[in-house]
Amino acid sequence: MSTFTPPLANPNPGRPGVALVSISRLQTLCETVAPRYTGRARFFTVREGYGAAVAALQAYVDAGAVDVVLAAGSNGAYLRDHLSVPVVMVKVNGFDVLSAITRATTTWPGAQIGLVLHETISHELADLGAWLNVGLRQRAYRSVDEVRLAVDNLAAEGCSVIIGPGMACDFAQQAGLESVFLYSLGAVEEAFERSVELARVSRQKESKRVRLNTIVAHLRDGVAAFDDAGQLEAVNPAMLDLLGLNAPKDLPLGGREQDVAAQLARAVGPLLRETLEHDAPVEERIEQIGGRALIVNCVPIVEQGLRSGSVVTVQDARVAQRIDRSLRTSQRPKQLVARHSLDDLVGGSAALERVRRLARAGAAHDATVLLSGESGTGKELVAQGIHNAGRRRGNPFVAFNCAALPEGLIESELFGHEEGAFTGARRGGKPGLFEIAHTGTIFLDEIGEMPAALQSRLLRVLQEREVMKLGSGRATPIDVRVIAATHRDLHALVEQGVFRADLYFRLNLLQIELPPLRERRGDVAQLARHLLSRSALQYGLPDAALERVLAFLSPLFEHYAWPGNVRELENLLARAAIYLGDPAGEAWQDRQAVFPEFGRMKQAAAPAPAYRLADEAPARSTPTREDAIRALEEAGGNRAAASRALGIGRTTLWRLMKD
């Protein structure tokens, strides 16, 4: 039974291990040389050969204790064929043979000499023997039995001295012959040098391999490597889990490994064949394997310009979706957040209560919502409230005014563009607002102003739920909720041929009409107090001044038409807070100049005349284009000042000028 002797130095896990295998006299030379190398390697002595040596070594090879085996002759050849670690052979050179012949002829002059060599005889020595006047016969061997047979044959031919390896010398002595050991100390030293260096390199490679396997084993993505013949070389646990491959536990270990390899080959075999046939990688392909959606890649391995195998990687599609959501969330601008809720709708009128009820019902679903109503009635506030009341709260809320940009810029903003798509396109391209709003809500304000050419593109996005950037040939799937808003009668626009009927019916799924402020006068005072209280800190209003402002404006709450609705009310409150917040403001006499709304309120309240001249225009509560032009002239072209004077927003002013 084979045994390991203790190492010749204290074990050091950092040093490579070398096994010295010999069943005869070579072991003495090895033990003589080994102490010189104990600082560079650990040495183990194995006094067995062939199958017994393999059995003794295998456990230590599997444990990583032995990196290289040093042996000689047929024993070394056998170990090389049956072990997975390198085997360094003690080589016999011409000098060793001549030295052994010299020792034999000197010790036994005139004796017939028999030379036993591993695998092949030397024809040069046969010629040299005649020149040296030495009777020399040779025999080659490949196994232990052939060594014994070679010695017997040489003895039968009259050889009295045998030169050969340790086994040949032992058989010669048993036959009553003299012997000379063939291996020299120099040959053993040279084999030690090669084995120690090879062990060092093998240990480094093995350490890198183990570390790489450890890293791959910790990956969440599945990884499997195959050789060029399609045989499995390595696989990590994640790959087996993702593919659902589990070998029966009642199989032995080797059987389980073979079963897993066979299942894996069946699962990814088509990918390997496709990569081989087309000589091109398979990248980011969605495959249904084991009832699970997986993202699969198959990439050829090329070493020194030659293909040596393939690597297959597999990722759970759900993980990619989570990463995509995280990236979109972390990269979206902070301003893309809905700040308002439905509770911010102030008032208790029946009309406003109806808006709340419809908005909450719509928020419970992902259906498209169409908000209609005059400018300034709070359509964006309702849109944000619907977003925050639904399952998409916390995800992006992207608002876009379809009347704010020229047609070319609207397309780029909504759908994005690739690099070089047009002159001035951003380097690296740009995602569109639909992509930015992925998993969230996009609010399309003033949808009735969208150019006809873009209505068809918007319709396709709503139908297919995918968007294609300008200059791109690939559509990107999106998951967005659409809330649209308009102050115009879309149905009338459809009849006029200005707005696409199919887009209108796609948008008009859940319609909520926001009442103008003049139709819910009971809410005006409460809303004004809420807005002014919220802005009290900004304007530095004490409670007394707040009450003074509300008392001053109270006639407007009851009788003013509010053409600009909540936006106009908010602007009026800001103006009143600035001018009336200071107690000195009470001494002002000309308040009509600062608050022209009082004058418009009186005009609206005056009775209509019994007749009107032919060229006299009827009284209007909503500003006209002429009113907008006149206000701009009076404000010196300042749009913000003109908007405030008219009690409307800048967008409404721009629309009046456009109309």
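Remarks
- Set of aspartates and glutamates near residue 208 by C-alpha distance (under 20 Å), chain-local residues within fewer than 8 positions excluded: 62, 67, 197, 227, 233, 303
- Extension reserve of the residue 145-residue 346 stretch, reckoned as 0.36 nm per residue once the Cα distance is removed: 61.8 nm
- A simple count of charges around residue 272, restricted to other residues whose Cβ falls under 14 Å of its Cβ and scoring Lys, Arg +1 and Asp, Glu -1, yields -3.
- Rg/Rh for the range 149-301 stands at 1.32; both radii use Cα atoms, and Rh follows the Kirkwood definition.
- Taken one residue at a time, the phi angles of the range 177-192 give Karplus couplings (6.51, -1.76, 1.60, θ = phi - 60°) of 9, 7, 8, 10, 6, 6, 6, 9, 4, x, 5, 5, 4, 5, 5, 4 Hz. Gly and Pro are set to x.
- The chain, relative contact order in percent, only Cα pairs under 8 angstrom and at least six apart counted: 8 percent
- In percent, rounded to a whole number, the relative contact order of the range 94-182 is 32, using alpha-carbon pairs under 8 Å and six or more apart.
- From its DSSP helices (H runs of at least four residues, each -39,500 (n - 2.57)), the chain gives a residue-normalised ellipticity at 222 nm of -14500 deg cm²/dmol.
- Extreme residue, positive dipole direction of the chain, given options 230, 38, 437 (C-beta unit charges): 437
- Rounded to the nearest 10 degrees, the inclination of helix 94-107 to the longest alpha-carbon principal axis of the chain is 20 degrees.
- Sequence-ordered 3J(HN,Hα) estimates for the range 278-286 from the Karplus curve with 6.51, -1.76 and 1.60 and θ = phi - 60° stand at 9, 6, 8, x, 9, 10, 6, 9, 8 Hz, glycine and proline given as x.
- In the chain, the longest principal axis of the Cα atoms and the axis of helix 350-363 are about 10 degrees apart.
- Overall shape: oblate for the range 219-319, with the ratio a/c of the largest to smallest alpha carbon gyration tensor axis at 1.5 or above and b/c at least equal to a/b.
- Altogether, the Stokes-Einstein calculation at 4 °C and 1.567 mPa s, with the Kirkwood radius of the range 342-515 over Cα pairs as Rh, returns a diffusion coefficient of 78 µm²/s.
- The Cβ shell under 12 Å around residue 85 holds other residues with a net charge of 0, Lys and Arg each +1, Asp and Glu each -1.
- A cut-off of 5 Å between modelled amide H atoms, ignoring neighbours fewer than 5 places along the same chain, links residue 289 with 294.
- Hydrodynamic radius of the range 35-103 per Kirkwood, over alpha carbon pairs, in Å: 13.5 Å
- In degrees, nearest ten, helix 565-580 long axis to first principal axis of the chain (Cα): 80 degrees
- Kirkwood estimate for the range 503-583, i.e. one over the average of 1/r between Cα atoms, Å: 13.9 Å
- Here the Debye sum runs over all C-alpha atoms of the range 94-182 as equal scatterers in vacuum, and log10 of I(q)/I(0) at q = 0.22 Å⁻¹ comes out as -1.03.
- For the peptides 356-369, 532-545, residues were scored by their other Cβ atoms within 10 Å and the scores averaged per peptide; the highest-first order is 356-369, 532-545.
- Across the options 559, 624, 399, the greatest Cα extent toward the positive end of the charge dipole of the chain (unit charges at beta carbon of Lys, Arg, Asp, Glu) belongs to 559.
- Net charge in the neighbourhood of residue 201 (other residues with Cβ under 15 Å of its Cβ; Lys, Arg +1, Asp, Glu -1) is +4.
- Neighbour-count order for 579, 504, fewest beta carbons within 10 angstrom listed first: 579, 504
- Placing unit charges on the Cβ atoms only, positive for Lys and Arg and negative for Asp and Glu, gives the chain a dipole magnitude near 1800 debye about its Cα centre.
- Mean separation of Cα contacts under 8 Å, 6 or more apart, over the residue count of the range 219-319: relative contact order %: 31 percent
- Of the options (i) 19, 43, 28, 9, 0; (ii) 13, 26, 19, 14, 13, 9, 4, 0; (iii) 18, 50, 27, 5, 0, only one is P(r) over Cα pairs in 20 Å bins from 0, in percent as computed from these coordinates, and that is (ii).
Every number here is computed from the coordinates shown, using simple stated rules; none is lab data. What you see is a predicted model; the values in this text were computed from it and never measured. Note that we place each Cβ from the backbone using ideal geometry, even for glycine, and neighbour counts take in every protein chain shown.
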